[in-house]
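Dropping the structure in here first, questions after.
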Amino acid sequence: MFEPNPKEPFALSLSKGRAAQILTQPQHSVQHQACGYMLRRAQHERVSFNATPGLERISKPVFKHIPMFDTTPTFALGRYSLNLTRPQVMGILNITPDSFADGARISNSNQALEIAAQMVADGVDILDVGGESTRPGAVPISLQEELDRVMPVIEALKALDKPISIDTSKAEVMRAATRAGAVLINDVYALRGEGALSAAIESGAAVVLMHMQGEPRDMQHAPQYLDVVEEVARFLTERIFAAQMAGLDKKRVIVDPGFGFGKTTAHNMELLGQLKRFSQFECPVLVGLSRKGSIGELTQQKQASDRVAGSLAAHIVAAQRGAAIIRTHDVRATVDALRVLQAIPQARVDKASVSPDLMAMFG
Ligand code: 7PJ
């Protein structure tokens, strides 16, 4: 426990080494100590704070005053920073003539810009641009075709000043898109394609590593697992490891269990139920169930556009179980639903998880 020096400004009373330790060690005990210190300091300076004995409620108002101790979780996307204290919404822009799930079929960049501008007005956080369909049964397209679809759209979307994600598995598309300003590479093959890993690393962009069993062409033909949660988690562990070994900082990684990619509805629901398992990677978790077949199956809605309510229910459950990013076609509805979820105060921190110092302070 370190003691405040009431005569000195707060930041100066910490040695540099100690401050660095607090900032780099995520252990609760250290944070609790820092929090206790902050509280006494706050009391001394008569900073008002809510003294409810729940760590979150105490620490937020106090930490807010001290930039050095700003522990707000964020994720860097180029010059943008995602605030991970609330689930972020990724809007889907599929520039694919065969993309039947889209509210609108996007065939040119003007149209893409119009739809994306609406998404921005609706509160989107990331725009995900894809040129190749990866839906079940989809047939791959050529590199040139994919570039021709996505590049004009990426150029057009820059006007909106929102983080752009490129949904691709091809190294060349990753390179071109990130050169043009995309800050996130969303690869359903988790960088297993030829040259993809090095292209992603060299680009400096963040990456989404997603699990898929099989290939889009045939992945929904009788997918099988002994334990879907453990198998998906193992795959993601291996891909994070491969990325790290190749030189990619884990701070640039987002993980995704890949709903619907070689999974039955039962598999998808098992993954959704156990989503917390994926928080163990300490990477943001992305979830995409928007209008997918499983939602259609559960709600008996054949039309993709009739699956909005079902998708919302699944995404809210995902957000409650730790999803950091929700990938959706329906931005307005998703933002609204998440706002309601966000308005619910977090459960109180378990007494046992609060340091004795802090408890003593409040009796
Ligand atoms: C996903 C995706 C997903 C990520 C698609 C569709 C199929 N990328 N791309 N996660 N799904 N990261 O949207 O229905 O679940 S394409």
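From the list L248, L271, exactly one residue is touching a Pro at 6+ places or on another chain (Cβ under 7 Å) and either polar (S, T, N, Q) or in the same structural domain as A138 (by TED's automatic domain parsing) (or both). Which is it?
Criteria check complete, one pass: L271.
Out of the residues in the stretch 171-213 that are touching a Pro at 6+ places or on another chain (Cβ under 7 Å) and either of a type in the set (V, I, T) or open to solvent by 40 Å² or more (accessible area, probe 1.4 Å) (or both), state the one that is farthest from the ligand (Cβ to nearest atom).
Going through the stretch 171-213, the residues touching a Pro at 6+ places or on another chain (Cβ under 7 Å) turn out to be 183-184, 211, 213.
Still in the running and either of a type in the set (V, I, T) or open to solvent by 40 Å² or more (accessible area, probe 1.4 Å) (or both): 183, 213.
Details: V183: 15, Q213: 13 Å.
It comes out as V183.
Suppose we filter G262, G258, G293, G310 for residues that are within 15 Å of the ligand (Cβ to nearest atom), free of Cβ contacts under 8 Å to residues at least 24 places away in the same chain and out of contact with any Asp or Glu (no Cβ under 7 Å at 6 or more places or on another chain); which single one remains?
G310
Taking the stated definitions as given, is V354 modelled with pLDDT under 95, open to solvent by less than 20 Å² (accessible area, probe 1.4 Å), outside the structural domain of R234 (by TED's automatic domain parsing) and not basic (K, R)?
Values: modelled with pLDDT under 95: yes; open to solvent by less than 20 Å² (accessible area, probe 1.4 Å): yes; outside the structural domain of R234 (by TED's automatic domain parsing): yes; not basic (K, R): yes.
Yes; evaluated as a whole, the condition is true for this residue.
Look at V139 and say whether it is surrounded by fewer than 22 Cβ atoms within 10 Å (Cβ to Cβ), at pLDDT below 95 and among the hydrophobic types (A, V, I, L, M, F, W, C). Step through it out loud before you land on a result.
Numbers: surrounded by fewer than 22 Cβ atoms within 10 Å (Cβ to Cβ): yes; at pLDDT below 95: yes; among the hydrophobic types (A, V, I, L, M, F, W, C): yes.
When the stated conditions are applied, V139 passes them.
Now for a separate question. With respect to R234, determine if the residue is within 21 Å of the chain's Cα centre (by Cα), within 16 Å of the ligand (Cβ to nearest atom) and not hydrophobic (A, V, I, L, M, F, W, C).
no
The values are calculated or read from the model by the stated rules, or taken from the named source; none is laboratory data. Here the structure is a predicted model, which is why all the values come from computation and not from measurement. With ideal geometry, Cβ positions are generated from the backbone for all residues, glycine too; neighbour counts draw on all protein chains shown. Remember, those area values only see protein heavy atoms, side chains included, never the ligands or the DNA or RNA. Shrake-Rupley method; radii C 1.70, N 1.55, O 1.52, S 1.80 Å.
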